[in-house]
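The values are calculated or read from the model by the stated rules, or taken from the named source; none is laboratory data. Just so it is clear, the model here is predicted, and its values are computed rather than measured. Neighbour counts are summed over all protein chains in view; Cβ atoms, including those assigned to glycine, are modelled from backbone coordinates with ideal geometry.
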Amino acid sequence: MRAKSFIHSQGEQHTTIGRLIDAHERVQSTQMLSCFAYATNSGAAYFDLKLGHNIWPVVETRWLFGIDYGRTDPSALRLIAGKQNSQVRIYDGAFVTGSASFLPRKDFHMKAAFFLNEADDRFGMVAGSGNFSAGGLVRNIECGTTLVATSQLEFQRSFQLSHIAAIELWNNSAPLELVIDDYEDRWRALRGAEEEEEEEDVQCAAFWIEAGYVTRNRGPFQPGNQIDMPRGMHRLFGLEQPVGAGPNTIIGPVTFLPPSGVPVTRNLRLGNNMMEKISLPIPEDHGLEIYDGKVLVFQEVGEGFSIVALEADDFQQAFGSRLRGIRLMGSGRRYGLVDE
């Protein structure tokens, strides 16, 4: 029996995603059951990036998520459910979907994953504080424990009862397809936004945009860093668009000040579709990890713009009372201003 604890501050291997990778490799799992309180686009994208190519083709995965308080992004659920050999269920999904503000009868707060290889009598479990977000998987200060059993007897004496209890929760939960449409409609309605149009008054303390899904322009195993922005975003960066500008015209340079403290200058330009486009700092090199599903917040600081990438819930907690001019892009992504 192998038992090992971890704290995220100990290095990349000692993270929730690192331990999930390690458990799968040690067990050579053919089945996986993951239970998480909530899921974000960044978590789904980061798992897919780091582990998906080893999991989706060969492992039967079952996912049990909570949607309490609307913390789970429906796009993350659809992303996971759309993968090969993947099934998703929602704990008490019918009740929570229909309740005011998605209030639960009982909070679903699990963060655990079980790995099974019954043919070879190998079993694994990773449990900890990290949720299914990029922060919970790799960036936040989280902790947890990995258990690996190499015989049926070790499994029975350690965490088999926990696995049985998790299976029972799964069996009694709602299949995603029964609740996702209603949940997504209500979730988007509660967030609110106006149709896309340019904001006349661009004076603000900061501005923001939802990154959504970020194309992996750097290759299939690296997080993407190129995003489209709405027309007119250049004004918030203090730039003027050249008269008569066409596709691929450079509007001007933007200097980003990421958490790494190392300034990065990139050109804001017009794309083929005439949306404004920019390549952001390489996320894993500058303390940002991944942009998918995050809310990107920019604030002018001296000659540049600080950039942070927040989970939607954290963004709402930090800036929700100061938001103004929330607009909706054609892609469904929101953007807007932050007042003092």
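Of the helices (runs of 4 or more DSSP H) lying entirely inside the stretch 147-249, those carrying at least 2 residues that are aliphatic (A, V, I, L, M) and more than 28 Å from Phe319 (Cα to Cα) are 160-171, 176-191. Contact map, the stretch 229-247: residues that are within 11 Å of Arg269 (Cα to Cα) paired with residues that are aliphatic (A, V, I, L, M) and surrounded by fewer than 14 Cβ atoms within 10 Å (Cβ to Cβ), Cβ distance under 7 Å, separation 6+ or inter-chain. Pairs shown: Arg231/Met274; Pro247/Met274. Note on the stretch 132-165: among residues that are aliphatic (A, V, I, L, M) and under 22 Å from Leu79 (Cβ atoms), the one that is farthest from the chain's Cα centre (by Cα) is Val138.
Check Gly252, Gly261 and return the single one that is outside any strand (DSSP E or B) and either on the phi > 0 side of the Ramachandran plot or assigned by TED's automatic domain parsing to the domain that holds Ser133 (or both). Checking each option against the conditions leaves just Gly261. Between Ser9, Ser34, the distinction of being in contact (Cβ under 8 Å) with a residue 12 or more places away in the chain and in a strand (DSSP E or B) belongs to Ser34 only.
When Asn267, Asn272 are screened for being surrounded by fewer than 20 Cβ atoms within 10 Å (Cβ to Cβ) and modelled with pLDDT under 95, only Asn272 passes.
Each residue in the stretch 37-76 was checked for being outside any loop (DSSP other than H, G, I, E, B), in contact with a strand residue (DSSP E or B) (Cβ under 9 Å, 6 or more places away or on another chain) and among the small types (Gly, Ala, Ser), and 5 of them qualify. Could you tell me which of the residues Val126, Val138 is more than 26 Å from Ala189 (Cβ to Cβ), out of contact with any Pro (no Cβ under 6 Å at 6 or more places or on another chain) and in a helix (DSSP H, G or I)? The match here is Val138. For the criterion of being among the hydroxyl-bearing types (Ser, Thr, Tyr), in contact with an Asp or Glu (Cβ under 9 Å, 6 or more places away or on another chain), over 18 Å from Ser133 (Cα atoms) and assigned by TED's automatic domain parsing to the domain that holds Pro223, Ser306 passes. When the stretch 251-264 is limited to residues that are among the aliphatic types (A, V, I, L, M) and surrounded by 14 or more Cβ atoms within 10 Å (Cβ to Cβ), the one that is farthest from the chain's Cα centre (by Cα) turns out to be Ile251. Within the stretch 275-324, the set of residues being basic (Lys, Arg) and either touching a helix residue (DSSP H, G or I) at 6+ places or on another chain (Cβ under 6 Å) or surrounded by fewer than 16 Cβ atoms within 10 Å (Cβ to Cβ) (or both) comprises Lys294, Arg322, Arg324.
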